[in-house]
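Reviewing the structure listed below.
The values are calculated or read from the model by the stated rules, or taken from the named source; none is laboratory data. None of these values were measured; they are calculated from a predicted model. Every residue, glycine as well, gets a Cβ built from its backbone with ideal geometry; the counts of neighbours run over all protein chains shown. Keep in mind that these areas ignore ligands, DNA and RNA; they rest on the heavy atoms of the full protein, side chains included. Shrake-Rupley method; radii C 1.70, N 1.55, O 1.52, S 1.80 Å.
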Amino acid sequence: MAMEVTQVLLNAQSVDSAVRKHAEETLKQFQEQNLPGFLLSLSGELASEEKPVDSRKLAGLILKNALDAKEQHRKRELVQRWLLLDMAVKTQIKTCLLQTLSSLAPDARSTASQVIAKVAGIELPQKQWPELIASLLSNQQLPAHVKQATLETVGYLCEEVSPDVVEQDQVNKILTAVVQGMNAEEGNNDVKLAATRALYNALGFAQANFNNDMERDFIMRVVCQSTLSPEVKIRQAAFECLVSISSTYYEKLSPYIQDIFSITAKAVREDEEPVALQAIEFWSTICDEEIDILEDYGGDFTADSDVPCYNFIKQALPALVPMLLETLLKQEEEQDQDEVAWNLAMAGGTCLGLVARTVGDDIVPLVMPFIEENITKPDWRQREAATYAFGSILEGPSPDKLTPIVNSALNFMLTALTKDANSHVKDTTAWTLGRIFEFLHGSTVEVPIITPGNCQQIVTVLLQSMKDAPNVAEKACGALYFLAQGYGDVVASSPLTPFFQEIVQSLLTVTHREDAGESRLRTAAYEALNEVVRCSPDETIPMVLQLVPIIMMELHQTLEMQKLSSDEREKQSELQGLLCGCLQVIIQKLGASEPTKYAFLQYADQIMSLFLRVFACRSATVHEEAMLAIGALAYATGPDFAKYMTEFYKYLEMGLQNFEEYQVCAVTVGVVGDLCRALEDKITPYCDGIMTQLLKDLSSNQLHRSVKPPIFSCFGDIALAIGENFEKYLIYAMPMLQSAAELSAHTSGGDDEMLDYTNLLRNGILEAYSGIFQGFKNSPKTQLLISYAPHILQFLDSIYMEKDMDDVVMKTAIGVLGDLADTLGSNAGSLIQQSVSSKDFLIECLSSDDHLIKESALWAQMAISRAISV
């Protein structure tokens, strides 16, 4: 069955594109015509020591891709395909793979490790290949290169399979082998490194071992010893293990935290950057854990609380803060220009920010002396570090503690932003001002930092900084964004109103800068512009109206660009996205009140034709922003939007069909909801097409699950809009809703993420039911819904019994109970009385602290008592 593939594999890597194409075609045909033979040939190639390394490596890679894919539906197909292969073929392939682990070619070994893990990922959950782990671990007495490959395989295997698939005695054997490989007695560094990396992946399996004091002590000792290895990669991998342990086994760290502090402090001060970064990451992760615990439980820990907070950060503060402050002085010359730069100074500042969020006010006295000492020093590094330290601690401590300090520093910072000679210092100063406006400015802050006395100076400085280098200008736009956001609740007059025109003009000027493509500057300028418009008070409306033709003109110009390269096309579509986003905000602002809406609607036809032309450029990113803007336009124009539907409908359908870019699909589903609210029954002619597409989306296994809840809500929007005309869709929509309801009724102990999704799904289903009941109300066709009522009540019973719905679901659920009673009247009365938990559920909602739930419950109570008394 197998055939000679060496030459074809080498040709597939040829520089000559014709040779390469022909080889790829040959491989594709072989795979399609004879899959078992194809896989056998590849595994034979990978295992053969006589073959060239290049062909072996590619053989392994193709083999790996025949077992796994990024897209879920494709992955499922490949898994099924492997499981259906003949047993003898699979055994032969697996034998070749295991044999390759003792190859002398490192690339062949490493590729085989990955393929074995992929096969294990498919077979172990099916209770197949039970001898794999034992046979791998019998390699421990063999030469070093085989040991290394075996440990690498174990690492990949732990990454592929979930812990519940591996029996505890096998976990113990894996950990024993891994820890032996890490031990000081092991002379070979490659083996040690593979073992340390394998431990990183195996930690999720070690729950029982970490509960046993002796075993945990042993693992922790070996990890801590490895952080002192002479080999930098081993030290880095060992710290990565510590980082993982700090989040997975936070509650077990107490006995070790003192030693870990000494090890991390030494690494941060003396070790190479990759190691030092991981040492800082350890403390950042501890902060994340403690922030989560404090947020979940507030301050009220009882002695028997499940997840106590050990306050490791609070205890370490006096030593931890000085260590982090030192790192701030280790900046790199070019770090501002590089958006993805990550170095010691940045990691230290990020960790400092997390420490501030963990301990609040306690950090301030530890950081202030450092700021005061360095902020005026001649060396830019000291000034920048002081500013960065200040910016980092603005979230966490109370406004009472920070406001006096900020008030005394504000003037100094505004001067630094315009006058400091160093670009790094300006960059960090602008960022820090942004943080001040984000956390210490707004309607919730008692003592305002921005006063009539300093507002003009602040605006002047920020607008001046927008002319600075792109990285500084981008941070100034960010600061302006938060400055505007803080006035978002002001209705009448905002201190920014006198400067509105000037601010808008400056931001538009920034978007036209030659270098606006650098440092995200153009995007930041549009984001700031949108926020300034969104948060502007009513008195600026005439000026917002003047913006409409300007932005329309800019969008029009992007459509005139001809014959673009792919790079230019990407830039064009990005710019169109920004401009559509800006128009969306303007439309929402002007559409919010009748007089301004009327003034704005003179532009509606032109705007819509621009959006349709943007769609015609056909690029997904734009598609999404233009789609959102059209949703806003529909909402503003109301029933008049019907005149655009014939032209727009094909793009709506395209959006709903876009499985691959599921965000586009989700946005389009949202726009269908906007159209239903705007057009009401005028949407009826388009509903066959829309419902067909939505039902297709729901039954597709290719569509990302996050789009399914909004699709269900959308059923409700459509039913509300077209009323009893929804009748013809009931036989399709109701069974879909019922099967989804059954799935989402019981969460059966999933993780938090699963529970969040289940609640989204429940809410979508309930919104559909609510819309359908309300749509059919007062229609002679309400009796069509009676047969569905028992199932809906059963769904409400089961989610009530589960006791894990969130407030949003609770409000929608009690609303559906009311809708059911309201629409079906006496037909529902007896059913509700028979329902297991309706009464308890209603009582619970009536006594809720959440006024929205209470409001819904009062309404439901009235509807139910009407239905029962009839």
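Bins of 5 Å, beginning at zero and ending with the bin holding the largest distance: percent of Cα pairs per bin for region 688-811, please.
All Cα pairs considered, the percentages come to 2, 11, 22, 24, 19, 13, 6, 2, 0.
Under 17 Å between alpha carbons, and skipping anything fewer than 8 positions from LYS377 in its own chain: which lysines qualify?
LYS330, LYS419, LYS426
When the Karplus curve 6.51 cos²θ - 1.76 cosθ + 1.60 is applied with θ = phi - 60°, which whole-Hz ³J(HN,Hα) does each residue of region 684-689 get, with x for Gly and Pro?
3, x, 9, 6, 4, x
If you roll a 1.4 Å probe over the chain with all protein chains in place, what percent of the accessible area is carbon or sulfur?
Values: 20180 of 38940 Å².
Of the solvent-accessible surface of the chain, carbon and sulfur hold 52 percent.
State log₁₀ I(q)/I(0) for region 139-187 at q = 0.31 Å⁻¹ as given by the Debye formula over alpha-carbon point scatterers of equal weight, solvent excluded.
-1.26
With Cβ to Cβ distances under 11 Å as the rule, what net charge do the other residues near ARG56 carry (K, R +1; D, E -1)? Walk me through the intermediate numbers first.
Values: positive: LYS51, LYS57, ARG109; negative: GLU45, GLU49, GLU50, ASP54, ASP107.
Result for the local shell: -2.
Cα extents of region 582-697 along the three principal axes, largest first, in whole Å?
42, 30, 20 Å, listed from the longest principal axis down.
Measuring from the lowest to the highest alpha carbon on each principal axis, how far does region 728-869 reach, largest first, in angstroms?
So the extents along the principal axes, rounded to whole Å, are 45, 36, 24.
Please sort by residue number the GluC sites (Glu not before Pro) in region 381-489 whose DSSP state is loop and whose Cβ has at most 13 other Cβ atoms within 10 Å. Write down the numbers at each step before the final one.
Numbers: sites: GLU384, GLU395, GLU438, GLU446, GLU474; in loops: GLU395, GLU446.
Answer in residue order: GLU446.
Please quote Rg/Rh for the chain to two decimal places, taking the Kirkwood radius as Rh and restricting both calculations to Cα atoms.
Values: Rg = 31.6 Å, Rh = 32.0 Å.
Ratio of gyration radius to Kirkwood radius for the chain: 0.99.
Suppose a student asked you for the relative contact order of the chain, using Cα pairs under 8 Å spaced at least 6 residues apart; what percent would you report? Walk me through the intermediate numbers first.
Working: 1153 pairs, mean separation 38.4, N = 870.
Computed over the chain, the figure is 4 percent.
Rg/Rh for region 363-442: what does it come to with C-alpha atoms and Rh from Kirkwood? Walk me through the numbers before you get to the answer.
Details: Rg = 11.7 Å, Rh = 12.5 Å.
A ratio of 0.94.
Less than 11 Å from a label point 7 Å out along the Cα-to-Cβ axis of SER593: which backbone N atoms in region 521-540 qualify, by residue?
Hits in region 521-540 for SER593 at 11 Å: 537-540.
Averaging the inverse of every distinct alpha carbon separation and then flipping it gives the Kirkwood radius. What is it for region 65-218, in angstrom units? Please report the intermediate quantities before stating the final value.
Details: mean 1/r = 0.0624 Å⁻¹.
So the Kirkwood estimate lands at 16.0 Å.
Three principal axis extents, largest first, for the C-alpha atoms of region 182-273, in Å?
So the extents along the principal axes, rounded to whole Å, are 31, 28, 20.
Need one number: nm distance between label points at ARG866 and GLN225, each 7 Å from Cα along Cα→Cβ, rounded to one decimal.
7.7
Using only helices, what value at 222 nm comes out for the chain when you add -39,500 (n - 2.57) per DSSP H run of length 4 or more and divide by the total residues, to the nearest 500 deg cm²/dmol?
Details: 42 runs with 624 residues, N = 870.
For the chain, the value works out to -23500 deg cm²/dmol.
Taking region 121-215, which trypsin sites (Lys or Arg not before Pro) meet the DSSP loop condition and have no more than 10 other C-beta atoms within 10 Å?
Numbers: sites: LYS127, LYS147, LYS173, LYS192, ARG197; in loops: LYS127.
Here the trypsin sites (Lys or Arg not before Pro) that fit, given the DSSP loop and packing criteria, are LYS127.
Once you list every other residue whose beta carbon is under 14 Å from the beta carbon of LYS854, what net charge do they have if Lys and Arg are +1 and Asp and Glu are -1?
Numbers: positive: LYS811; negative: ASP807, GLU844, ASP849, ASP850, GLU855.
My count for the surroundings of LYS854 gives -4.
Between GLN602 and LYS650, what is the FRET efficiency for a Förster distance of 35 Å, r being their Cβ-Cβ separation, to the nearest 0.05?
Values: r = 27 Å, r/R0 = 0.76.
So, using R0 = 35 Å, E works out to roughly 0.85.
Sorting check: for 457-465, 738-746, which peptide has the highest mean count of neighbouring beta carbons within 10 Å, and how do the rest follow? Could you put the intermediate results ahead of the total?
On the way: 457-465: 19.9, 738-746: 17.2.
So the peptides 457-465, 738-746, ranked by packing, come out 457-465, 738-746.
Quick one: net charge around TYR757, please, counting Lys, Arg +1 and Asp, Glu -1 for every other residue with C-beta under 15 Å from its C-beta. Before the final figure, lay out the partial values.
On the way: positive: ARG705, LYS708, ARG762; negative: ASP751, ASP752, GLU753, ASP756, GLU802, ASP804, ASP806.
Spelling it out: positives minus negatives among the neighbours equals -4.
Excluding same-chain residues fewer than 8 positions from LYS854, which aspartates and glutamates have a Cα within less than 12 Å of its Cα?
ASP807, GLU844
Between GLN141 and ARG269, what's the calculated FRET efficiency when r is the beta-carbon distance and R0 is 51 Å? Round to 0.05. Provide the component values of the computation, followed by the final result.
Details: r = 41 Å, r/R0 = 0.80.
The calculated FRET efficiency here is 0.80.
Cα-based Rg (one decimal) and Dmax (whole number) for region 539-592, in Å?
Considering region 539-592 through its Cα atoms, Rg and Dmax are 13.3, 44 Å.
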